[in-house]
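These notes are about the structure you will find just below.
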Amino acid sequence: MMIIIFYIVFVLIAVLNIFNPRLGWYMRYGWMVKGDSEPSDAYLLMSRISSIIILIVFFCVAVPLLFN
């Protein structure tokens, strides 16, 4: 049961990072910077791409383990 909750939280965080990578940037770096600072376009793009890759790997590896 606990592993299913982990799977759900993992997928939700990855999907949130795909659609709103700025939130992850503000949670990790934004609070350390004084003034108005924004993540670069390259950071946002790489964050989205890496989240998509992680989800693909997750669905190829973890989901089959769930049904065994």
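Bear in mind that the values in this text are calculations on the coordinates, not laboratory data. All of these numbers come straight from a predicted model, not from anything done at the bench. Using ideal geometry, Cβ is built from the backbone for each residue, glycine included, and neighbour counts are taken over all protein chains shown.
Using a 7 Å offset from the Cα along the Cα-to-Cβ direction at both S40 and V63, what is the distance between the two label points in nm, to one decimal?
Between S40 and V63, the label points sit 3.4 nm apart.
Taking the Cα atoms of the chain, report the difference between the largest and smallest coordinate on each principal axis, in whole Å and largest first.
Reported extents, whole Å, longest axis first: 51, 23, 14.
Between I8 and W31, what FRET efficiency follows from the Cβ-Cβ distance if R0 is 25 Å, with the result rounded to 0.05?
It comes to 0.40.
Rank-order 29-42, 49-62 by packing density, defined as the average count of other C-beta atoms within 10 Å over each peptide's residues, highest first.
So the peptides 29-42, 49-62, ranked by packing, come out 49-62, 29-42.
Kindly express, to the nearest 10 degrees and within the range 0 to 90, the angle between helix 2-19's C-alpha long axis and the longest C-alpha principal axis of the chain.
Once rounded, one gets 40 degrees.
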